[in-house]
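Engineer: Have a look at this one before I ask anything.
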Amino acid sequence: MTEPMQEVQPVTLSSQAFLILCRLYDGCYDELKQNESLSDLVESIAGVMLAGVETLEKQETKPKNITFPLTLQQSFFLRRLVADLLAHAPAEGDDKTRQWLQECLTALSGGGGLTNDSHS
């Protein structure tokens with residue numbers, strides 16, 4: 001049996017939305033890592049995010065946006081995580097944070113992430 005090829009696609013977020021996503025992911029990383037069936041996926045996403053943060057830190061002039069590569073599986077997992085957080089966030093919470101999380105959700109849903117014709 002062969003592994004299906006992982007289709008990688010770029011995801012672009014504002015730098016602030018990316019950092020919020022990283023903080024969110026870091027906050028639930030330990031809990032997610034405990035699930036053995038998700039361990040490799042959780043680690044691979046952490047690696048992508050860490051690389052993005054390191055790239056931002058190295059630049060003297062902080063870019064407005066950051067683009068990073070995610071497989072469809074990674075993108076779907078992060079989209080579910082952000083959607084779940086937004087669904088359970090208090091309505092009277094920080095509006096700016098909600099906007100950044102909504103931006104994350106939109107970016108993770110966009111770019112053809114919902115269509116995958118390669119399996120037909």
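Engineer: So, SER118, is that one at pLDDT below 85 and either surrounded by fewer than 13 Cβ atoms within 10 Å (Cβ to Cβ) or touching a Leu at 6+ places or on another chain (Cβ under 6 Å) (or both) or not? Can you show your working first?
Structural biologist: On the way: at pLDDT below 85: yes; either surrounded by fewer than 13 Cβ atoms within 10 Å (Cβ to Cβ) or touching a Leu at 6+ places or on another chain (Cβ under 6 Å) (or both): yes.
Judged against the criteria, SER118 is a match.
Engineer: Let me ask something else. Of the residues that sit in the range 1-47 and are closer than 20 Å to ASP84 by Cβ and polar (S, T, N, Q), which one is modelled with the highest pLDDT?
Structural biologist: Among residues in the range 1-47 that are closer than 20 Å to ASP84 by Cβ and polar (S, T, N, Q), the one modelled with the highest pLDDT is SER44.
Engineer: Tally time: how many residues in the range 56-81 are surrounded by fewer than 13 Cβ atoms within 10 Å (Cβ to Cβ), assigned to a helix (DSSP H, G or I) and among the polar types (S, T, N, Q)?
Structural biologist: The qualifying residues number 0.
Engineer: If you take the residues of the range 7-27 that are of a type in the set (S, T, N, Q) and outside any helix (DSSP H, G or I), which of them is farthest from GLY110 (Cα to Cα)? Spell out how you get there, then give the answer.
Structural biologist: Within the range 7-27, the first condition is being of a type in the set (S, T, N, Q), and the residues that meet it are 9, 12, 14-16.
If we keep only those that are outside any helix (DSSP H, G or I) as well, we get 9, 12, 14.
Working: GLN9: 10, THR12: 10, SER14: 15 Å.
Ranking the qualifying residues of the range 7-27, first place goes to SER14.
The values are calculated or read from the model by the stated rules, or taken from the named source; none is laboratory data. On a predicted model such as this, the values are computed, not experimentally measured, just so you know. We place every Cβ from the backbone using ideal geometry, glycine too, and count neighbours over all the protein chains shown.
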